[in-house]
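Encoded as structure tokens, the structure appears first; notes follow it.
The values are calculated or read from the model by the stated rules, or taken from the named source; none is laboratory data. Keep in mind that this is a model prediction, so the values were computed, not measured. Cβ sites come from the backbone with ideal geometry, for glycine too, and all protein chains shown count toward neighbours. Keep in mind that these areas ignore ligands, DNA and RNA; they rest on the heavy atoms of the full protein, side chains included. Shrake-Rupley method; radii C 1.70, N 1.55, O 1.52, S 1.80 Å.
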Amino acid sequence: MRFEISKVLDAIEGRVCTDPSLVRAVVDLAEVIRYQDIDGGRPASLLRLGMVIDALSRQLEEDSVPVYAVVHRALLSDADLTSNERMVVRRWADDGLVEVLDNPGDRMLEVADLLGLPVLSRVRFDGLRGRFPWLVEQPGRILAPVPGAGGPAFVAHVGGGDTPVSGDRSPAGVKLLAREWRCPESGCALFGSGGGGSFADLARVQRSPAAQAPPSLRNGVPTCPRHGTRLRDAGPRPRTEVLAVRIGGLVRRRFVLSEEQPVLVGRAPEGDGGIVLGQWLNDEARRWISRNHLRLELRVGEVIVTDISTNGSGIRPGGSMAEGDRVPLAPKQSRVLAENDMVELYPGVQVGRAEELPTGAPFTPASVMAEAPTMAMRLPRP
Ligand SMILES: [Zn+2]
């Protein structure tokens, strides 16, 4: 049981981050873990975050959906959590996977505003409707997680729908996310300098500047939400493109390709940062797809795909799934991936731009899916 729980916490850890390109909703972690009516369990439980993330995945019909969690500092020592859960939250805080604040205030809504994300919360935020008009103008931007059949369901505070709705990044968000920012505090988990901190800080804070959290704006000044310090502009943020892997008609995960380094996709790519497909594939697909199958690069705004496999791939120009439309991409061949092109590693296993890749297709008997769970995170039944 203990082992199961820590596996689930690891799965949840893979679904919390502050990467503006990947997160799909904002949550108040301290609040969500106390939705006791969802499972009737302990007063506080970190597993509830997993349940809410799973519910979001179901709603978006997409696997591996990460959320942006804002956390009050008091949670790190909350006696209602198990010591293991407290340790996990502290690790998330140290690694900058969640934003830990002394006074979260309206930071949740600020993040949602800057990034154009929905907010999952039972709080109505009525007093902030003037500052954030989308709270009322866009039904589905703020939803309450409530008990439902088979896990939490969502109810929109406005309009009563159940589907999370994203908006556009606010103009301030677009400006802030065009730059890279540095916090003067050494070892800052959100805006680390990458230098000046201890060796441990360096190892921890080694993350792509393209993945940096949105700064907080205080009186128009970009500020570290954790330390309240003025951030230094460290130059333009590297250009990125958000890609996705679709297997058996369902988007399994999104990933960010930046100009800083290529990304390998395959059954089990070598090195850090590779996109591992093995767990989602049946035996045939697993035999066909190489350990390292594709190399993707972003060069001057163009996505370049190179086949590095044994068996080759195919391009589906314009995303067409018609049989005659598949253009072979032989081993060692490269090609620029046009706006809505997909590259197909094996029938039913595709990579393309996330915005151009529809998800939620029904499964067919010929699915390439292994007997893996539909959503990667399977929580123990309460
Ligand atoms: Zn800081």
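Under 8 Å between Cβ atoms, at least 6 apart or on separate chains: pull out the pairs that start in region 221-242 with a residue that is open to solvent by less than 30 Å² (accessible area, probe 1.4 Å) and end on any residue that is aliphatic (A, V, I, L, M) and within 14 Å of the ligand (Cβ to nearest atom). From residues that are open to solvent by less than 30 Å² (accessible area, probe 1.4 Å), the pairs are 222/231; 223/231; 224/190; 224/231; 225/101; 225/190; 225/213. Considered as a group, the residues in region 161-179 that are open to solvent by 20 Å² or more (accessible area, probe 1.4 Å) and either without any contact (Cβ under 8 Å) to a residue 12 or more places away in the chain or outside any loop (DSSP other than H, G, I, E, B) (or both) include one that is nearest to the ligand (Cβ to nearest atom), and that residue is 179. Cβ-Cβ contacts under 8 Å between residues 6 or more apart (or on different chains), taken from a first residue in region 24-38 that is on the phi < 0 side of the Ramachandran plot to a second residue that is aromatic (Phe, Trp, Tyr), are listed as 25/68; 26/68; 27/68.
Determine whether region 28-51 contains at least one residue that is among the aromatic types (Phe, Trp, Tyr), under 13 Å from residue 145 (Cα atoms) and modelled with pLDDT of 95 or more. Yes, that holds for at least one residue. Scanning region 251-279 for residues that are surrounded by 18 or more Cβ atoms within 10 Å (Cβ to Cβ) and at pLDDT below 90 returns no hits. The residues on offer are 244, 234, and the sole one that is away from the ligand (no atom under 16 Å from the Cβ) and either of a type in the set (Gly, Ala, Ser) or in a loop (DSSP other than H, G, I, E, B) (or both) is 244. Counting only strands (runs of 3 or more DSSP E) that fall entirely inside region 280-326 and contain at least 3 residues that are under 24 Å from residue 210 (Cα atoms), the qualifying elements are 294-299, 302-307.
Can you find a residue in region 295-315 that is on the phi > 0 side of the Ramachandran plot and crowded, with 16+ Cβ neighbours inside 10 Å?
Step one: of region 295-315, the residues on the phi > 0 side of the Ramachandran plot are 300-301, 312.
If we keep only those that are crowded, with 16+ Cβ neighbours inside 10 Å as well, we get 312.
Checking region 295-315: at least one residue is on the phi > 0 side of the Ramachandran plot and crowded, with 16+ Cβ neighbours inside 10 Å.
Scan 139, 184 and give me the residue that is open to solvent by 50 Å² or more (accessible area, probe 1.4 Å) and within 16 Å of the ligand (Cβ to nearest atom). Spell out the reasoning first.
Working: 139 fails: within 16 Å of the ligand (Cβ to nearest atom).
Only one candidate qualifies: 184.
Considering region 63-77, and only residues there that are touching a residue at least 24 places away in the same chain (Cβ under 8 Å) and open to solvent by 40 Å² or more (accessible area, probe 1.4 Å), the residue that is nearest to residue 162 (Cα to Cα) turns out to be 72. Put simply, of 81, 60, 56 the only residue that is within 27 Å of residue 249 (Cβ to Cβ) and surrounded by fewer than 22 Cβ atoms within 10 Å (Cβ to Cβ) is 60.
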